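Reviewing the structure listed below.
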Amino acid sequence: KEIFRQLLIEKPINPNIARLIINKFANNALLSDADSLISIVRKESEDIDFFALEMGRHFTSRMVYDKALAEYLLYVSENPTRLEFVSGRIVGFPDSPEVTNMIIKTLKKSNLKEARIILADLYFKQKEFRKVYNLLNNDSIETRYLIDFAYDLISENQLDLAEEVYTAMLRSNQDKIIMEKVIFNLAYIFEKKTITDIDPLPISGLLKHNT
């Protein structure tokens, strides 16, 4: 172990060698040793999320879900375009009350916008639709998430809440393209409320893995 540690503190650090060494530790269930070595690499290389995605996977496989969650959040903080993928990993954790409560508590404490969206995705899985709306109805969240959420509510037959979401958007948004989508979907809701034999819409997914 000390030999590997010495290799990793050499400057400049070779990221390929670092990954090889750390992966060997992780694959042999030496996660604390791997974690220690990762801290060295992150500090010396200033690569904040180095090996975060991989460690999230390793911790998950060993059912160390709190540390897996921490690594995934670190990764998505530096790679926000991978939010959909990361959310899928986190929402895919076991449904046990202990794990779920840990996820919710951690996400609520996080200052990341992405954590807010992941929490909304988890609430959607639990069919806590009002909680999803409360999270997404925020200026810091992109409008597209709210649009997708309302669209999915229709497929969940939550027509009143979907109508409420779209109506609020109609009053507050000036974007022409968004307004066209909102008006079209409101018309669909009104039609669906009066005609019961319309084919249901496919679920778009707040994030795609909800499909």
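General remarks:
- Over the chain, the ratio between the Cα radius of gyration and 2.2 N^0.38 Å evaluates to 1.27.
- Spatially close Lys pairs in the range 1-143, defined by Cα atoms under 17 Å apart and a spacing of eight or more places or different chains, total 12.
- Taken per residue, the accessible surface of the range 26-146 reaches 51 Å², heavy atoms only and a 1.4 Å probe.
- Working from label points 7 Å from Cα in the Cα-to-Cβ sense, the residue 187 to residue 167 distance is 1.9 nm.
- Panel note: the C-alpha atoms of the range 19-94, placed on their principal axes, show extents of 29, 26, 18 Å (largest first).
- Cα gyration tensor shape of the range 65-135, rounded if a/c is under 1.5, else prolate or oblate by comparing a/b with b/c: oblate
- Using alpha-carbon coordinates, inclination of helix 65-78 to the longest axis of the chain, degrees: 80 degrees
The values are calculated or read from the model by the stated rules, or taken from the named source; none is laboratory data. Bear in mind the structure is a predicted one, so any value in this text is a computation, not a measurement. All Cβ positions, even for glycine, are placed from backbone atoms using ideal geometry, and neighbour counts span all protein chains on display. Each accessible area value is taken on the protein alone, full model and side chains, heavy atoms only, with ligands, DNA and RNA left out. Shrake-Rupley method; radii C 1.70, N 1.55, O 1.52, S 1.80 Å.
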